[in-house]
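**Student:** Quick one: this structure, given as structure tokens, is what I'll be asking you about.
What follows is calculated from the coordinates using simple rules that are stated; it is not laboratory data. The structure presented is a predicted model; accordingly, all values stated were derived computationally and were not measured. Here Cβ is always computed from backbone atoms with ideal geometry, including for glycine, and neighbour counts include all displayed protein chains.
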Amino acid sequence: MVDILVNLTSLAFEMRRLISKGYVLTVLAPNDEAMAKLTTDQLSESGASEQNNVLSSDSRVPNGGKYVQFSEEIHEDGRISVQRIDGVLIPPEEIKLVPKATPVPKVVSKQSLAAGTNLLDANALLLNDVVHGSVDFKGRPVTRSLSGGWKSAFFIIGVEMAERFAYYGISSNLISYLTGPLGQSTATAAENVNAWSGTSMIFPLLGAFVADSFLGRFRTIVIASGLYILALGFLSLSAALYSFKSSDCHFAANSTACSPPQFQIIFFFFSLYLFALAQGGHKPCLQAFGADQFDEQDPKECKDKSSFFNWWYFSMNSGIVVALFVLTYIQDNLSWGLGFGIPCIIMCLALIIFLLGTMTYRFRIQSDERNPFVRIGQVFLNAARNWRTTPEAISKEEEAQGILPYQGSQQLKFLYKALLAPDGSKEDGKVCSITEIEEAKAVLRLVPIWTTCLGYAIVFSQSSTLFTKQGVTMDRSITSSLQIPAASLQSFISIAIVVFIPIYERILVPIARAITGKPSGIMMLQRIGTGIFLSFLSMVIAALVERERLKTAAEYGLVDVPKATVPMSVWWLLPQYLIFGVADVFTMVGLQEFFYDQVPDELKSIGLALYLSIFGIGNFLSSFLISMVEKATSGPGRDSWFSDNLNRAHFDYFYWLLAGLSAAAFAAYLYIAKSYIYNRRNRL
């Protein structure tokens with residue numbers, strides 16, 4: 001007989017695993033007293049201890065002084081015999097007292113095991129299959145083979161593709177709708193687009209707070225999807241009910257005759273900001289929920305999680321490319337109502353797809369401790385109130401009392417002041433634990449990285465504004481009768497991403513993995529820094545191309561003919577778009593993975609919201625920078641860098657300014673990244 005000695009809690013997980021595979025299991029005990037003992041032990045040992053796995057056939061696994069010994073034989077009706085409970089031998093003849101087991105859909109015996117595999121090994125595999133810290137949608141323990149991983153991630157990635165299709169279906173052509181049907185000036189429309197874009201990138205902070213503190217990610221995603229559908233329906237209704245025929249404006253005596261009713265404008269902007277709010281709840285939670293489907297403690301799933309962020313960004317940009325080509329054409333040439341209505345239908349389908357995957361999802365077990373935001377806020381508050389207290393003295397005192405089992409990171413030592421209550425006492429509920437302080441430090445240490453990435457975000461915002469304005473003045477002919485729309489040039493960033501991600505995943509990562517020995521190939525901060533450098537290179541190329549465009553305009557005498565097409569192919573812009581796309585693969589994906597991985601477990605959504613807020617603040621900073629440069633360079637008798645006549649403007653000077661800003665941000669980033677200590681050394 002092979003003795004299999006298992007922690008009783010692990011036994012429960014093992015039995016659930018076999019049942020999920022179709023076996024009906026009956027644990028045999030000689031009498032009611034022994035069965036009661038087994039049940040009592042199982043319930044009482046849920047916190048016991050390190051012995052979660054089967055060790056060896058001749059070992060005894062202590063579990064509060066109790067153990068269970070099983071027979072190697074698995075009965076043909078699916079039952080497992082218990083031979084000993086806490087050292088008490090169970091006579092085989094007493095097995096007949098157990099009621100008959102129910103019919104079973106499968107039959108198993110030790111002969112069904114693979115050659116060379118004993119029952120001990122089989123049980124070890126089953127126990128290792130349990131994903132600790134996660135449950136299914138009904139709160140039951142989950143197994144690795146039946147839940148999570150790519151089987152769940154594919155549902156979530158599909159939803160993300162649909163969501164990005166819907167989002168860019170509105171945002172990419174928003175300025176055209178504002179200057180067209182809503183009749184706004186270019187300046188006013190640009191201000192409104194910048195304000196909305198920045199707000200839509202800030203709202204994820206609110207959505208993440210609600211998810212991590214109250215609703216959880218799954219419910220937040222479902223509610224946000226409902227708001228998404230409602231907002232898109234309102235936008236479609238606004239465009240359909242208040243559309244104006246071209247003939248009405250054609251015969252109008254003045255432009256005010258074409259102005260829409262004030263109610264339409266209010267209703268449209270209400271719908272637009274409801275759309276931004278829904279995106280704020282949907283975006284960070286969906287990505288964090290997708291990453292939750294991979295177990296960091298499993299080597300294979302740990303590697304798969306890094307791949308998940310790559311394929312997430314691949315699918316996201318696939319949706320963007322389709323939106324830029326299909327929806328912009330429909331909106332410009334067919335109907336704004338239809339152009340807004342299609343994303344609404346797509347989001348309805350996305351919600352259905354997301355719900356279809358419910359049975360496969362893993363849900364992180366939420367801690368019963370205080371709200372994570374409250375805990376972290378209390379740390380900062382206590383540390384501020386105890387600003388006169390010496391942190392070294394507090395650390396020594398707490399360590400002497402056994403409260404501080406290890407000396408934590410030497411960074412941000414002032415937060416150790418939170419170890420004492422503001423009144424100097426150590427009353428429970430007033431002092432912060434070392435774990436809470438480490439959580440606060442983990443969040444605070446992200447701020448320098450967040451700050452140095454703002455330069456990248458400012459550069460990123462130019463791809464949808466100034467790059468497009470450059471393209472408008474250039475030769476965009478594909479054939480003698482076909483031109484590429486200037487706004488569609490943005491799609492080359494997404495195309496570059498879609499093409500480069502498989503190259504990065506299948507070629508570069510394996511090579512880097514072989515060199516560094518790390519599952520992800522290179523460290524997250526190295527990946528981000530590579531993209532920041534490429535964005536600097538993109539700005540240099542953009543400045544050189546713009547200088548060439550201005551030179552060509554001067555050579556052909558077009559300096560004072562702003563509406564003339566400069567005889568220079570628009571494909572000169574392709575390198576700056578493509579390099580920017582490759583930069584996104586490094587920096588955007590790296591930032592997503594970094595801000596998810598380096599925050600405490602209960603703040604995953606807020607981590608991804610922090611990543612998105614980089615680009616929200618970057619939008620606002622870009623608008624502010626353009627405004628300041630406009631004021632500084634304009635004046636009587638001179639053209640500003642952003643003159644309406646682009647042949648007299650100097651986008652090239654602005655690009656050089658951004659290149660310098662990007663270089664400075666890159667230098668600061670290198671300095672900070674070099675001293676950064678990863679929160680989890682196994683996840684680099």
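**Student:** Roughly how big is region 445-684's charge dipole about its Cα centre, with Cβ charges of +1 (Lys, Arg) and -1 (Asp, Glu), in debye to the nearest 20? Can you show the working numbers first?
**Tutor:** Working: 19 positive and 15 negative charges, 125 e Å.
Approximately 600 debye in magnitude.
**Student:** Taking the convex hull of the Cα atoms, report for region 147-366 its projected area averaged over all directions, in nm².
**Tutor:** On the way: hull surface 50.0 nm².
Its Cα hull, projected and averaged over all orientations, spans 12.5 nm².
**Student:** Between Ile503 and Tyr653, what length comes free when the chain is fully extended (0.36 nm per residue of separation minus the Cα-Cα distance, one decimal in nm)?
**Tutor:** Full extension of this stretch gives 50.6 nm more.
**Student:** Name the residues of region 305-320 whose amide N is less than 18 Å from a point 7 angstrom out from the Cα of Ile478 along the C-beta direction?
**Tutor:** 320
**Student:** Please report the equivalent ellipsoid semi-axes of region 480-570, computed as sqrt(5 x eigenvalue) of the Cα gyration tensor, largest first, in whole Å. The partial results should precede the final answer.
**Tutor:** On the way: eigenvalues 316, 54, 17 Å².
Square roots of five times the eigenvalues give 40, 16, 9 Å.
**Student:** Using a simple spin-label model with points 7 Å from Cα along the Cα→Cβ vector, what separation in nm is obtained for Phe269 and Gln297?
**Tutor:** Placing both labels 7 Å beyond Cα along the Cβ direction yields 5.2 nm.
**Student:** Rounded to whole Å, give me the distance from the Cα center of region 468-485 to that of region 527-579.
**Tutor:** With region 468-485 and region 527-579 each reduced to a Cα centre, they are spaced 14 Å.
**Student:** What area, in nm² and to one decimal, does the C-alpha convex hull of region 487-537 cast on average over all directions?
**Tutor:** Values: hull surface 16.7 nm².
In nm², the orientation-averaged hull projection of region 487-537 is 4.2.
**Student:** A follow-up question, please. Among all lysine pairs in region 147-366 that are eight or more places apart or on different chains, how many have alpha carbons less than 22 angstrom apart? Each step should come with its number before you reach the end.
**Tutor:** On the way: Lys151/Lys283; Lys151/Lys300; Lys151/Lys303; Lys151/Lys305; Lys283/Lys305.
For region 147-366, qualifying lysine pairs total 5.
**Student:** Once you have a ≥ b ≥ c as the square roots of the Cα gyration tensor eigenvalues for region 431-533, tell me rounded if a/c is under 1.5, and otherwise prolate or oblate according to whether a/b is larger than b/c.
**Tutor:** Details: a/c = 4.04, a/b = 1.77, b/c = 2.29.
It is oblate, given that a/c is not under 1.5 and a/b is not larger than b/c.
**Student:** I would also like to ask the following. Once R0 is set to 56 Å, what does the formula 1/(1 + (r/R0)^6) return for the Cβ-Cβ distance between Phe137 and Thr516, expressed as a FRET efficiency to the nearest 0.05?
**Tutor:** On the way: r = 38 Å, r/R0 = 0.68.
Working from the Cβ atoms, E equals 0.90.
**Student:** Beyond 21 Å, how much of the Cα-Cα pair distribution for region 598-681 remains, as a whole percent? Present the calculation step by step, with values, prior to reporting the outcome.
**Tutor:** Working: 1825 of 3486 pairs.
More than 21 Å apart: 52 percent of the Cα pairs in region 598-681.
**Student:** Once all Cα-Cα distances of region 445-684 are split into 10 Å bins that start at 0, what whole-number percent is in each one?
**Tutor:** 7, 28, 32, 19, 10, 3, 0
**Student:** Now a separate question. With a point put 7 Å past each Cα toward its Cβ, work out how far Ile352 is from Tyr678 in nm, to one decimal.
**Tutor:** Rounded to a tenth, the inter-label distance reads 4.3 nm.
**Student:** In whole Hz, with x marking every Gly and Pro, tabulate ³J(HN,Hα) for region 200-209 from phi via Karplus 6.51 cos²θ - 1.76 cosθ + 1.60, θ = phi - 60°.
**Tutor:** 5, 8, 8, 4, x, 4, 5, x, 5, 4
**Student:** Quick one: length gained pulling Val447 to Tyr556 fully straight, 0.36 nm per residue minus the C-alpha distance? Working shown, then result.
**Tutor:** Working: separation 109, 0.36 × 109 = 39.24 nm, distance 5.02 nm.
Separation in residues times 0.36 nm, less the Cα-Cα distance, equals 34.2 nm.
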